[in-house]
Amino acid sequence: MSPCSYHEIKCTIGSIDCDKITATSIITTTTGFEPGLCDDIDYLILDDPNRNINSGDGSTNYDSCDNVYNDGPNYDWKGHSWYRMQMPAGTKIPEFPIEPHHCGTNSPGWLNGTHPLFEGDLVNETVCFNYSDNLCLWSSPIQIKHCGNFFLYHLEETPVCELRYCSE
């Protein structure tokens, strides 16, 4: 229902006569709406489908990496910043090691820790990058903010190329 309800020919918003509102009128209302937990954070989107843990066959070499100096494909990475993971990539960084040659890279990144449990919480964690027989050959510190229906990640450039943050 519109905030204006028409009674015969009159328009009202609550007890205010809409017909008497001028361009300089200001109407404020209290609706009980609280801003989102992460509305104050500017963030970018990671949504490349190749970033998903199911992308890759485990044997083919890939040259994508989350580093602005990357010479290969770099579809959604824009440098260190806050990021939100969205479909078709997935919605969060996995909390378990991913086999090499998945996620569009040779060394997939996984969360060596846990996501915050409660809305509004912010935690410091580490992403490990798996290569060969070493589950954490490289690592990168990150921050994770629980935003209610999604997580935000403060991600740094990967230490070297052919490393990428994965999503599930």
Of Trp110, Trp138, the only residue that is touching a residue at least 12 places away in the same chain (Cβ under 8 Å) and buried (at least 20 other Cβ atoms within 10 Å of the Cβ) is Trp110
Considering only the stretch 55-73, I want to know if a residue exists there that is at pLDDT 95 or above and surrounded by fewer than 18 Cβ atoms within 10 Å (Cβ to Cβ). no
Could you tell me whether the stretch 2-9 includes any residue that is modelled with pLDDT of 50 or more and part of a loop (DSSP other than H, G, I, E, B)? no
Within the stretch 74-106, residues at pLDDT below 95, surrounded by 14 or more Cβ atoms within 10 Å (Cβ to Cβ) and hydroxyl-bearing (Ser, Thr, Tyr) come out as Thr105
Requested in this report: Report yes if some residue within the stretch 124-136 is assigned to a loop (DSSP other than H, G, I, E, B), under 20 Å from Asp40 (Cα atoms) and more than 14 Å from the chain's Cα centre (by Cα); otherwise report no.
Outcome: no
Pro159 vs (1) surrounded by fewer than 17 Cβ atoms within 10 Å (Cβ to Cβ); (2) at pLDDT below 95; (3) closer than 22 Å to Ser59 by Cα; (4) touching a Ser or Thr at 6+ places or on another chain (Cβ under 9 Å): all pass except (3)
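One line per residue, one yes/no per condition, for (1) under 22 Å from Asn54 (Cα atoms); (2) touching an Asp or Glu at 6+ places or on another chain (Cβ under 6 Å); (3) of a type in the set (Gly, Ala, Ser):
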site: Gly79; (1), (2), (3): no, no, yes
site: Met87; (1), (2), (3): yes, no, no
site: Glu99; (1), (2), (3): yes, no, no
site: Phe118; (1), (2), (3): no, no, no
site: Asp121; (1), (2), (3): no, no, no
site: Asp133; (1), (2), (3): yes, no, no
site: Pro141; (1), (2), (3): no, no, no
site: Asn149; (1), (2), (3): no, no, no
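The values are calculated or read from the model by the stated rules, or taken from the named source; none is laboratory data. As the structure is a prediction and not an experimental result, all values here were calculated from the model. When we count neighbours, we look across all protein chains shown, and the Cβ atoms used for this are built from the backbone with ideal geometry, even at glycine.
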